[in-house]
1. Does region A:337-375 hold any residues that are of a type in the set (A, V, I, L, M, F, W, C), under 16 Å from B:VAL105 (Cβ atoms) and buried (at least 22 other Cβ atoms within 10 Å of the Cβ), and which are they?
2. Which of the following residues is modelled with pLDDT of 90 or more, part of a helix (DSSP H, G or I) and surrounded by 17 or more Cβ atoms within 10 Å (Cβ to Cβ): B:LEU68, B:LEU51, B:LEU34?
3. When region B:68-97 is examined, which residues are found to be more than 8 Å from chain A (Cβ to nearest Cβ) and not hydrophobic (A, V, I, L, M, F, W, C)?
4. Just checking, how many residues over region A:256-288 are modelled with pLDDT under 85 and in a strand (DSSP E or B)?
5. Only one of these is within 22 Å of A:ALA334 (Cα to Cα) and crowded, with 21+ Cβ neighbours inside 10 Å: B:ALA100, B:ALA125. Name it.
6. I need the full set of residues from region A:383-401 which are within 11 Å of chain B (Cβ to nearest Cβ) and closer than 30 Å to A:ALA340 by Cα, in order please.
7. Would you mind stating whether A:ARG200 is exposed (fewer than 13 other Cβ atoms within 10 Å of the Cβ) and of a type outside the set (Val, Ile, Thr)?
8. Kindly indicate whether B:ARG165 is under 24 Å from A:ALA334 (Cα atoms) and out of contact with any Ser or Thr (no Cβ under 9 Å at 6 or more places or on another chain).
Amino acid sequence: MAENRHVLDCNAAAFAQGVRPRMARAAASALVHGLRFRERDVQAERAALEGVAGWAGCYTPNVALVAGPAGPGGLLLEVSGSLKLFGGVPAIAAGLAHGAAEMGLTACVACAPTAHGAWLLARGGACSPCTALGDLARRLQPLPVEVLGCEARTLATLEAVGVRTLGEVLALPRAGLARRFGAELLGELDRALGVLPDPREFFSPPERFHAGLELPAEVRDAGALVFALRRLIVQLGGFLAARDGGIQRFRIELFHKETRTDVEVGLVRPGRDAEHFALLAREKLSALALREPVRRIALAADEILAVAHENLDLLDDTLKRPGDWRSLIERLRARLGNHAVSGIATHAEHRPEAAWRVTEPGVRGSALEFGTRPLWLLQKPKRLEEVGAAPQCGGALALLAGPERIESGWWDGHDATRDYFIARAPTESLLWVYRERGTERAHWYLHGIFG
Amino acid sequence: MHPLADILRRGLVWRAGQPSRAEPTGIPSGFPALDAELPGGGWPAGALTELLPEHAGIGEVRALGPALARLSGEGRWIAWIAPPYLPYAPALEAAGIDLARVMVVRTRSPQDALWAIEQALQSGACGAVLGWPGKISFAQLRRLQIAAEGSPALAFLFRSPLAAREASPAALRLHLQGMKGELAVKILKRRGGPLARPILLTPAPVIETMRETMRRPAPETDHAVDRALPPPPAARILPARLVHG
């Protein structure tokens, strides 16, 4: 990773061959044959950091961004109010590290009584949390001077006089330090030690969720897309938890070379379960036929809604608790399409084919009473063979009951004038058949089966 | 049975000092003759039940009516997955099934149908899952049987009668045949060995209901379809009625 003409950071393989941060680009190239440089993208860094800040809001509302002038930025979380809820500093630190890993990032988590102290500890590498202010100076002492946010010139001067750690800086006379390096360095140290106040501006998460991810390579496979998407979904889960909100739909945006494919995922009711989102996204993406490889993936949720909270049962264990039918419907719809899952209801109408309606599952209609009706209805009445005006269906039909005369629908052009009978076929099947009336030649039709 | 004892047997009450798992018991089918022969005294939950009807229309689904009505009355879902025809709402309602607890799933391929059945079973949200999977291999049946084992739902698979000759991991397999207006149920497989003689059931007697409807006086409304019609030869008239209830 390079910025301007200097190496900013390098991977372990390059480090092993002698490449170091702040080394000149030309020198690094000379050391390692075929070294590949990637330009630093400050904007992408900032976007990633803001994404994590939105997610980290699930631990505390007080999240501040720290943009490192040279080197990666970071987040400051004020967790003093959240310790009890999340079970102490180690639990929060573990949660932050785990969450960052799920988002595909490596986090260096540190804790200190002052914001800047924590920042310096984090820059110095992950370590056990420091919770006492009196302990902080001792913990800061062994850190190298590079953790400070001061100018490269200051660092070079410090190095020239043989000062390598913060402990050595603190041991220098204050007056001389101020004269030589200005108030900046002293101020930074004082803020870290809690001598000076350190007000921060907290991050306010956006109203809508939108996060994107550049894929390392072009992707055609739905499985790889789901893997990348998971990182964004984790971020969305934290974002929603921070706002105590849920979403009823989200959009997956797949960016191709020039075009874009949008995949909408809907939920039956607002939710914020990241696991469930990931499941729906997987079904949706695996049903998708990609015409072009994907270069970038993004996740968007425009409308944040309130979610209904459910209380947990004292006695019930999870095994016995009935599953959530809404999430079942969402899962089925994600793969089979929205219209594939429906409820049914009766409808006040005489014509049998119109006496029912497709509804949203779980919607209760008014109870109606009809005559005897078959369990199965044919999508379209089937014309029956006739032998001497007697209907046939695998043999002659015996009419058991009827006729039930239905005469309706003359006003909308779908006129039905029929006499319905219950008939028994030689196979012992009970059928619902009708004879069309009012025409010259009356035909017989099969309309239902008493399944 | 005593109502309290019944409640305890069905595991609706958790008693401190007792393991929370209730004994696996069946959901009464509504036909005492059948319940007497089914292990657990009814349709088994947590196991796959295969129904092999000889033809459609002999009462193969009506036979499930009482159990489905009972489950939906308890607020549990009935999932109809890849049914061969339209499940007709007026008939389901007449059978006492709560339509607000009915979910119909249409699929485009047999794979989707199997997947949907598995999902419905695994979700634990359904009281009963009725599936028409079409052709299905032993391995796929095994997979569904495993899904059913972890599920509180009744799992009914409707298959061709030809499948009776194939081996199946299903816990219960019933062959259904129409016999003089009744439904002859032959138990091909159950825990404790098959049953040679068929059980005769009369599921939701269609004809009797129909005659009853004919005897009942029509409500006094002034509607076109309710007016008296000249009787057609050799048949009585049953005017179509629609009662808003």
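1. Residues satisfying the conditions are A:VAL341, A:ILE344.
2. Details: B:LEU51 fails: part of a helix (DSSP H, G or I); B:LEU34 fails: modelled with pLDDT of 90 or more.
The conditions single out B:LEU68.
3. Within region B:68-97, B:ARG70, B:SER72, B:GLY73, B:GLU74, B:GLY75, B:GLY96 meet the criteria.
4. 6
5. Numbers: B:ALA100 fails: crowded, with 21+ Cβ neighbours inside 10 Å.
After applying the criteria, what remains is B:ALA125.
6. The initial filter retains those residues of region A:383-401 that are within 11 Å of chain B (Cβ to nearest Cβ), namely A:393-394, A:398-401.
Of everything in region A:383-401, nothing turns out to be within 11 Å of chain B (Cβ to nearest Cβ) and closer than 30 Å to A:ALA340 by Cα.
7. On the way: exposed (fewer than 13 other Cβ atoms within 10 Å of the Cβ): no; of a type outside the set (Val, Ile, Thr): yes.
So A:ARG200 fails the test.
8. Numbers: under 24 Å from A:ALA334 (Cα atoms): no; out of contact with any Ser or Thr (no Cβ under 9 Å at 6 or more places or on another chain): yes.
Taking the combined requirement at face value, the residue does not satisfy it.
The values are calculated or read from the model by the stated rules, or taken from the named source; none is laboratory data. Predicted, not measured: the structure shown is a model, and the values here were computed from it. Because the Cβ atoms are built from the backbone with ideal geometry, glycine has one as well, and the counts that use them run over all protein chains shown.
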